[in-house]
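The structure under discussion appears below in the form of structure tokens.
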Amino acid sequence: MDLSIIIPSYNEKDNIRPIVRRIHEAMASLRDVLYEIWFVDDSSDETLEVLAELAATDERVHVHHRNGERGLASAVVQGFKLAQGRYFIVMDADLQHPPELLPAMYERLKQGTDIVIPSRFVEGGSDGGLGPFRKLVSWTARVIGQIALHRLRRISDCTSGFFGLQRDVVAGAELDPIGWKILIEVLVKGHYRTVHEIAYSFLARDAGESKMSMHEQWNYFRHLVRLVSQSPSDRRFFLFCIIGASGVIVNEVVLSILLYGFHMKDTMASILASLVAMLSNYIWNDQITWRSQGAGRKWNVKLPIFVAISLVGILITTLVMHTCERIGLIVPIGQAVGILVSTVWSYVMNNRVTWRE
Ligand code: GDD
Ligand code: MN
């Protein structure tokens, strides 16, 4: 078997026949390619009857029905277990993912690319199938995912439900997704080197309705937290942020002690408090964040570098704040953007220089 097309379905009775027909039409351009279509179905309406009828007459169509179970991502994982192909392509049942893209995806996989992702967000692609609110939610979800997980960073459409992969990418991986976003699970836990994105237009639905819900957004968040906690390098960035935030508390406490306990002048107290906070951040980061790294180098090398990076960070915060102010944002918002940029700067530099392996 060359290709397995895996389709999660939940109450899609009017979409099943059209999608199978369009898959066959699209695949007709690829001669001699053996392919199968796996529906992993959790439906509670007549979808299952439609699927059973099709499977009885079309030898390429297979159905796995799960009783009482729900979940898009876990359905796809089930599909990976059932599929026989060398290559897998996952797509939705509702034709928002155009089957006409299958041959191009297949060719790319055959050339050896490990993961192929049709993308709404590369040049030539479009996200026309979503309303403005869903677009905003989807954008936010992507950005949060890309901040949290470094393996998503270079992928423009990492939350897509449409992608192809070599069977080997997930063969030994322990996939354990929560909710919908099977692709982020594959990108974080899969074994791969090359990812290619192809532009496409995400179309509006003709029949049935979206099953996206607030509950799925919450599941996405839980899924991200789980993936971060399972991935050492991503966990590191979070520890760095938490320690950075704890530094603010240290800073304020020391400041209060110096001001009210020692009656120190405010400028002096402020500078000293910042230095103590910086030292505290250094110690925590050395003992926790980069515990397993930077061994063999002494504190008298690491600490000055850490301080230099932090001072440049302060400079960056101020510069960004001023830039934001110039384009019309208020100072506290500009400062927040500045803090974000300088946090990323300090993290990357400390990772590459201070505690480099
Ligand atoms: N087996 C199973 N179980 N399938 C499900 C379930 C479930 O619990 N929930 C949804 N599905 C199926 C739907 O039948 C459809 O084929 C597909 O998963 C996507 O569901 P939609 O309800 O159409 O989602 P959407 O269009 O709002 O969002 C989709 O497209 C986006 C862009 O690619 C999803 O795939 C998103 O994850 C994706 O970002
Ligand atoms: Mn859809």
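Here, each number is a calculation from the coordinates, and none is a lab measurement. Computed from a prediction, not measured in an experiment: that's the story for all the values here. Here the Cβ is made from the backbone with ideal geometry for all residues, glycine too, and neighbour counts use every protein chain on show.
Computed quantities for the displayed model
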| quantity | calculated |
| --- | --- |
| The stretch 288-357 - percent relative contact order, Cα under 8 Å, separation 6 or more | 43 percent |
| 222 nm mean residue ellipticity, helices alone, for the chain (DSSP H n ≥ 4; -39,500 (n - 2.57); rounded to 500) | -16500 deg cm²/dmol |
| Whole-number D in µm²/s for the stretch 1-140 (Stokes-Einstein; Kirkwood sum over Cα pairs; 37 °C, 0.692 mPa s) | 206 µm²/s |
| Ratio of Rg to Rh over the stretch 221-272 (Cα coordinates, Kirkwood Rh, two decimals) | 1.31 |
| Value of relative contact order over the chain, rounded to a whole percent, pairs C-alpha under 8 Å and six or more apart | 15 percent |
| Helix axis angle, 214-230 relative to the chain longest principal axis, alpha carbon, degrees | 60 degrees |
| Relative exposure of THR159, THR354, THR318, judged by other C-beta atoms within 10 Å (fewest first) | THR318, THR159, THR354 |
| Relative contact order %, the stretch 149-199, counting alpha carbon pairs below 8 Å whose residues are six or more apart | 43 percent |
| With Cα atoms, 0 to 90° folded angle of helix 299-326 axis to the chain main axis | 70 degrees |
| Cα-Cα pairs of the chain separated by more than 30 Å (percent) | 49 percent |
| Binned Cα-Cα distance frequencies in the stretch 245-357 - 10 Å width, integer % | 14, 36, 33, 16, 1 |
| Lys/Arg +1, Asp/Glu -1 at C-beta; the chain dipole; positive extreme among LEU340, PRO103, TYR200 | LEU340 |
| Alpha carbon convex hull of the stretch 260-322, projected area averaged over orientations, nm² | 6.0 nm² |
| Surface/4 of the Cα convex hull for the stretch 298-348, nm² | 3.3 nm² |
| Ratio of the Cα radius of gyration of the stretch 50-110 to 2.2 N^0.38 Å, where N counts its residues | 1.25 |
| Per principal axis, descending, Cα span of the stretch 134-181 in whole Å | 34, 20, 19 |
| Under the Debye formula (equal points on every Cα, no solvent term), log10 I(q)/I(0) of the stretch 55-199 at q = 0.09 Å⁻¹ | -0.28 |
| Relative counts (whole %) of C-alpha pair distances in the stretch 179-333, using bins that are 10 Å wide | 8, 21, 25, 26, 12, 6, 2, 0 |
| Ranked TRP345, TRP139, criterion: other C-beta atoms within 10 Å, fewest first | TRP139, TRP345 |
| Packing-based exposure ordering (other Cβ within 10 Å, fewest first) of PHE39, PHE238 | PHE238, PHE39 |
| The chain: angle of helix 331-349 to the longest principal axis, Cα-based, in degrees nearest 10 | 80 degrees |
